[in-house]
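Peer 1: Before anything else, here's the structure in question.
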Amino acid sequence: MRALFLTIYSLLAFSLQAQLYELPFAEPFQRAAVVVEGRVIAQQSMWDNGRRNIYTVNLVEVARVYKGHHYVDKYLNVVTLGGRVGNEMQLVSESVQYNVGDHGLFCLILGAYDLPISPIWENYGSPHGFFYYDGQTYAVDHPFHSFESVSAFRQRVEALLGRAQIIVPDERLDRPIVERVMPSISSFTPTSISAGTGDVLTISGSGFGSAPGSVRFINSNTGSAFDVDASDITSWSNTEITVVVPSTTAVGGCAGTGPITVVDASSNTATSTTNLTVTFAYTNFLFSGNKTGAKLADVNGLGGLTYTFSTTLCTSSQQDAVNAIGRALREWRCVSGVNWRLSTSTTTVNSEASDGISVITYDVGTPLPGGVLGRATSRYNACFSGGNFHWRVNEIDINMRQTGVTWYFCDNSTVPSGHYDFQSVAFHEFGHGHQLGHIVDNTAVMHRSIGPAQARRVLNTNEEAGANYVMGLPANPCGPGAMTPLSHPACLSLTPPSDCNSAGSCTAPLPVELVAFTAQATDGGVRLKWETATERNNDFFTLERSTDAERFQLVGRVRGAGNSAELRQYEFLDATPQPGLNYYRLWQTDYDGRATLLRTVSVLYSDELGAEALRVFPNPWVSDQLHLELSSHLAGSSAEIVLFDALGREAARQAAVAQAYVSVDLAAHHLSPGIYVLCLWLPEQRAWLGPVRVWKP
């Protein structure tokens, strides 16, 4: 009989698939020594014998055995990376995580970790080797191979491995789903929101019932749906639900863009006809029953954190890889101001370990599972003050796959077919170190996976807002002080060790392209400004405009400097912006015709009509109502009042008929104190009034 771990630890519940690539469906089943269905019944977190890393041992009760019968007793110890021991914690970005009660199919190989128990097992390919069974919908959840029903999934597995030996029958998973009358969702607000920041979503409709049920979001870690924790639901009535949008749950869910579903107490469901947009996710973890996040702090005494290259990566033969990592690191520094430095010395450490060294290495010391391109391990410490624990990031290890895929390291963002872009994967892993989770947007840096011939080297506007949110968090009342943000041009100064600080076969040593790109509404239109530090073979810049962030049109070209090693500033005036929200893209084109998208920004614009025709009072406002005074010639027009928060997210929306005075009732939106932007859309005139800044003290 395998050893039983009956102590259920209060530990982190976190599932954050990092940069993955798809494996064939059959591969985990063929490579695994053991394939079983089972349920996690207990957990315990522990250090390995060398006290290098924290692991969690999950006691799995076996229900069905498809493969490896001679290895299997009634219980198996399955190890996952990360966990919490005392006031120290470790999150591993691509590692599958379990919670007590999780049920699913496990594709297992023998674990090779130096732990004080034996034998131990782990999933083949980490998240690739676990198929989660949803007890509400009877669906099967997986990053790439999900199924609508357990029975259909079992048929697929049996076609590969044959019929299972049933150890513990589970008729509940086989019973048919009865069609029921569905409740109805009429609307939700805001339509754009962040996850893990405490933002609250209000869902309106009918037939929700008086007893609380659940709310279901799309999981940005897998693409399928998950139920929020009961503690995330702050109110429930027959016609309205308020729910905190989570970035972690007991089932490892992180809310992502997609439809939302209400599940009533009798398991009746209603799904929204429109998608909720989740702009970014701030990494949360569970601690003592509460969801919290960690702060970026001054852990090196120089204002932030220092990364150290391993000697397996910092070599003359790996110069292109080092330069690609440098480009990714410098982009983070100059976009968010995160104070990350490079040590000018190297380390022989080539694996993740809790050793005080934030290492950047190839995976020669700790091989990555199949299907994983890179992994970020964030390590945390807590201090105690004011009756609470306060967490900070004190170490980040970045582990990159060395073999098994064809990497592309070059400056050019046109990635050849069949190649994976090294800079994009490193950029993604640094994002996890920045404490950002996944979002559902297959063009975004923080999307959960990447394919060959894809490059994602620039944060979009929402991701920039997430990075700024993390950098703007207040300092902890104990422990190291807050991280000191970097500014221009200090963010450009990044020097690797001398062993790997030169040009590569297809890269310059940490070339700087774009330093800043801004858009500002003025009386004459929208003024666009950008700045470069160096340029190579730069023929010209191209500027494009869009009102929906999808269809762009050319608005101008500006000649580049060709080759330059000094700070250069550029400016362009768009004299014909559209009223409302305008998106601008900046492209750079080389002499050989190759074009690179540098960055996208957005700006709210109103013409002279907005300045004269709209006044808001009181401002600041202290009650739950705002009042708008409009020009008399607009009387009788239909209108839509939209309120945006400081991050550009929609905070409130109300339809109205334009009159001399219009009142906006904000009581139901539970708005926090802060700066907001109010705009008025007049569909008959096809014009925006505003924006007007308003303040809630």
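Where a number appears in this text, it was derived from the coordinates with a stated rule and is not lab data. Remember, it's a predicted structure, so these values are computed and weren't measured experimentally. Glycine also receives a Cβ, built like all others from the backbone with ideal geometry; neighbour counts cover every protein chain displayed.
Peer 1: Could you tell me how far the Cα centroid of the stretch 540-570 sits from the Cα centroid of the stretch 313-361, in Å?
Peer 2: The distance from the Cα centre of the stretch 313-361 to that of the stretch 540-570 comes to 30 Å.
Peer 1: So how do Thr534, Thr279, Thr495 line up by other beta-carbon neighbours within 10 Å, fewest first?
Peer 2: Going from sparsest to densest Cβ surroundings: Thr495, Thr534, Thr279.
Peer 1: Oh, and also: Over all directions, how big on average is the projection of the convex hull of the alpha-carbon atoms in the stretch 57-117, in square nanometres?
Peer 2: Reported value for the Cα convex hull: 5.3 nm².
Peer 1: What residues of the stretch 201-215 lie in the reach of a label at Thr273, counting those whose backbone N is under 19 Å from a point 7 Å from the Cα along Cα→Cβ?
Peer 2: 203-208, by backbone N distance to the label point.
Peer 1: Would you please calculate the Kirkwood hydrodynamic radius of the stretch 266-331 over all C-alpha pairs and express it in Å, rounded to one decimal?
Peer 2: 17.3
Peer 1: Same structure, new question: Using a 10 Å cut-off around each Cβ, can you sort Arg341, Arg448 from fewest to most neighbouring Cβ atoms?
Peer 2: Sorted ascending by nearby Cβ count, the order is Arg341, Arg448.
Peer 1: Modelling each spin label as a point 7 Å along the Cα-to-Cβ direction, I'd like the Leu160/Asn442 distance in nm, to one decimal.
Peer 2: Each label point lies 7 Å from its Cα, and together they span 2.2 nm.
Peer 1: Report the extension gain between Gln625 and Asp665 in nm, rounded to one decimal, defined as 0.36 nm multiplied by the number of residues separating them, less their alpha carbon distance.
Peer 2: Answer, rounded to one decimal: 13.9 nm.
Peer 1: Expressed in nm to one decimal, what extension gain is obtained for the pair Asn537 and Val558 from 0.36 nm per residue of sequence separation less their Cα-Cα distance?
Peer 2: Residue separation times 0.36 nm, minus the Cα-Cα distance, leaves 6.1 nm.
Peer 1: Could you compute the FRET efficiency for Leu567 and Ala211, with r as their C-beta to C-beta distance and R0 at 56 Å, rounded to 0.05?
Peer 2: Result of the calculation: an efficiency of 0.35.
Peer 1: How are the alpha carbon pair distances in the stretch 254-387 distributed across 10 Å bins from zero to the largest one, expressed in percent?
Peer 2: Using 10 Å bins, I get a P(r) of 9, 27, 30, 19, 11, 4, 0 for the stretch 254-387.
Peer 1: Here's another thing I want to ask about it. With every atom except the alpha carbons ignored, what do you get for Rg and Dmax of the stretch 514-605, in angstroms?
Peer 2: 13.0, 38
Peer 1: Here's a follow-up. For the stretch 295-483, taking Cα atoms only, what is the radius of gyration to one decimal and the Dmax to the nearest whole Å?
Peer 2: Using the Cα atoms of the stretch 295-483, the pair Rg, Dmax is 16.4, 55 Å.
Peer 1: Given an 8 Å cut-off on Cα distances and at least 6 residues of separation, report the relative contact order of the chain as a percent.
Peer 2: 10
Peer 1: Taking every DSSP beta bridge with both residues inside the chain, roughly what % is antiparallel (nearest 5)?
Peer 2: Beta bridges within the chain, antiparallel portion: roughly 90 percent.
Peer 1: What is the fewest-to-most order of Ser184, Ser505, Ser449 by other Cβ atoms lying within 10 Å of their Cβ?
Peer 2: Ranked by crowding around the Cβ, least crowded first: Ser505, Ser184, Ser449.
Peer 1: Also, quick follow-up: Testing the spin-label approximation: label points 7 Å from Cα along Cα→Cβ at Ser672 and Thr522. State their distance in nm.
Peer 2: Between Ser672 and Thr522, the label points sit 3.4 nm apart.
Peer 1: Moving on to the next point. What spacing in nm lies between the two simple spin-label points modelled at Ser118 and Ala508, each 7 Å away from Cα in the Cβ direction?
Peer 2: For Ser118 paired with Ala508, the spin-label model returns 5.6 nm.
Peer 1: Among all the aspartates and glutamates, which ones have a C-alpha under 15 Å from Lys529's C-alpha, if same-chain residues fewer than 8 places away are not counted?
Peer 2: Answer for Lys529, where 15 Å is the Cα cut-off: Glu513, Glu544, Glu571, Asp574, listed by chain and number.
Peer 1: Let me ask something else about it. Translational diffusion coefficient, Stokes-Einstein: compute it for the stretch 184-292 using the Kirkwood radius over C-alpha pairs as Rh, at 4 °C and 1.567 mPa s, and state it as an integer in µm² s⁻¹.
Peer 2: Translational diffusion coefficient: 96 µm²/s.
Peer 1: Test of understanding: what is the full-extension gain from Val657 to Arg615, defined as 0.36 nm times their sequence separation minus their Cα-Cα distance?
Peer 2: Separation in residues times 0.36 nm, less the Cα-Cα distance, equals 13.5 nm.
Peer 1: Continuing with this model, one more query. Determine the equivalent ellipsoid of the chain by diagonalising the alpha-carbon gyration tensor, then write out the semi-axes as square roots of 5 times the eigenvalues, largest first, rounded to whole Å.
Peer 2: The answer is 42, 35, 23 Å, longest axis first.
Peer 1: Taking the stretch 321-430, how much of its Cα-Cα pair set, in percent, is spaced more than 24 angstrom apart?
Peer 2: 31
Peer 1: State the cysteines of the chain left without a partner when partners are defined as other cysteines whose beta carbon lies under 4.7 Å away.
Peer 2: That list is Cys107, Cys254, Cys679.
Peer 1: How high is the relative contact order of the stretch 188-324? Use alpha-carbon pairs under 8 Å, at least six apart in sequence, and give a whole percent.
Peer 2: For the stretch 188-324, the relative contact order is 24 percent.
Peer 1: Here's a follow-up. In Å, what Rg and Dmax follow from the Cα atoms of the stretch 181-246?
Peer 2: 11.7, 34
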